[in-house]
Amino acid sequence: MKRAAIAGLILLSACSTQPPEQGSFFRTAQTQLSVQSTPSGNVNLDNRYVGVTPLSLPLDYEQQVERDTTNVTLWQTQPGLALFLTLATLGIYLPFSAIPAASQTTLTPQDVYRHNQFQVTVDAPGYEQWKQELDPKGEKTVELQAQLVKKSEN
């Protein structure tokens, strides 16, 4: 009876996965920015000149990613083989099926971003400066259409 209880405990422990490596980290995310204006003007990103409209450029920032690594045992990856070896060895193989055969890592992007705030300005001679704050959150593209207003003459 004791032997059956011990074998049952070993069997249950052999079928479980344990996440030895978990946590989160930040990786680079990118959104393609497209800026158009009427009339054409100089584009500045965070007070740095980047070109003349029409313009397309990538915005790089960071997105949090959750990492979950689990050890996968032979009992899970090849249950038929593990059961056969356990039966063929009269239960001797069973304790060794708890040895990890491989690890499996999953990466899950989170809705947490940093360094993702940008200020876009468009300047043209004789027109007021156009300004837009951007806060991208994983979008593939962001399109801005700047309508410049003529300066009033006093």
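None of the figures in this text is laboratory data; all of them are computed from the coordinates on show. None of the values given here were measured: they were computed from a predicted structure. Reconstructed Cβ throughout: ideal geometry from the backbone, glycine too, with neighbour counts over all protein chains shown.
Set the Förster distance to 22 Å, then compute FRET efficiency between residue 69 and residue 90 from the Cβ-Cβ distance, nearest 0.05. It comes out at approximately 0.05. Label zone of residue 28 (point 7 Å out along Cα→Cβ, amide N under 18 Å): in the stretch 102-128 this covers 113-118.
Among 53, 141, the ranking by other beta carbons within 10 Å of each residue's beta carbon, starting with the fewest, stands as 141, 53.
Roughly how many nanometres apart are two label points built 7 Å out from the Cα toward the Cβ at residue 119 and residue 137? Label at residue 119, label at residue 137, 2.3 nm between them.
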